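Undergrad: My structure is below; once you've seen it, I'll send some questions.
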Amino acid sequence: MVQNRRRIAGEDVSTWDLPGGQVEPGEQLTETLVRDLREEVGLEPIGTAEFLFVQEGRRSHGGQLEFVWRSFFFRVHEWRGEPRAAAEVLDCRWIRRAELPGVLTAPYHDSFRSWLGTGGSFFSSTWRD
């Protein structure tokens, strides 16, 4: 998990998140996964990552749609390196799966908490602000 500072419901807050970022033009999702893990926490995935689920989100302000996003969740089974927080990350640490529902408290974490509750079944979700 990485600790980030985010703007949620109009307030700056510190929240724990999974490492992640934007897909660069021409980049495959798995290439984004490798790059973001390296950039944010210094880990290099080994082998094939397992696709888990996709979450769509919509952020509105004053009744106007500001932007739409998609998050693709993967599981990495093996990696090289030890976790270290990059400059843009406040902190990083391993968190046990059983602890995740209590740590992932931002509204956009609802989908991930729901997926954890399914025991890892196929899952689709849309989060709206």
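The values are calculated or read from the model by the stated rules, or taken from the named source; none is laboratory data. These numbers come from a predicted model, not from an experiment. Because the Cβ atoms are built from the backbone with ideal geometry, glycine has one as well, and the counts that use them run over all protein chains shown.
Undergrad: Could you look through the stretch 22-73, keep only residues that are among the aromatic types (Phe, Trp, Tyr) and surrounded by 13 or more Cβ atoms within 10 Å (Cβ to Cβ), and pick out the one that is modelled with the lowest pLDDT?
TA: Ranking the qualifying residues of the stretch 22-73, first place goes to 53.
Undergrad: Name the single residue that is modelled with the highest pLDDT among those in the stretch 91-129 being farther than 26 Å from residue 46 by Cα and of a type in the set (Gly, Ala, Ser).
TA: Restricting to residues being farther than 26 Å from residue 46 by Cα and of a type in the set (Gly, Ala, Ser), the top hit is 102.
Undergrad: Could you give every pair whose Cβ atoms fall below 7 Å, whose first residue belongs to the stretch 69-90 and is within 18 Å of residue 46 (Cα to Cα), and whose second residue is among the β-branched types (Val, Ile, Thr) and outside any strand (DSSP E or B), counting only separations of at least 6 or pairs across chains?
TA: Listed pairs, sorted by first residue: 83/41; 84/41.
Undergrad: Hey, among the residues in the stretch 74-85 that are charged (D, E, K, R) and over 17 Å from the mean Cα position of the chain (by Cα), which one's surrounded by the fewest Cβ atoms within 10 Å (Cβ to Cβ)?
TA: At the first step, the residues of the stretch 74-85 found to be charged (D, E, K, R) are 75, 78, 80, 82, 84.
The next check asks that each one be over 17 Å from the mean Cα position of the chain (by Cα); those that pass are 78, 80, 82.
Numbers: 78: 10, 80: 10, 82: 8.
It comes out as 82.
Undergrad: Ok, one more. When the stretch 36-94 is examined, which residues are found to be small (Gly, Ala, Ser) and touching a strand residue (DSSP E or B) at 6+ places or on another chain (Cβ under 7 Å)?
TA: Result: 47, 49, 57, 60, 71, 81, 85.
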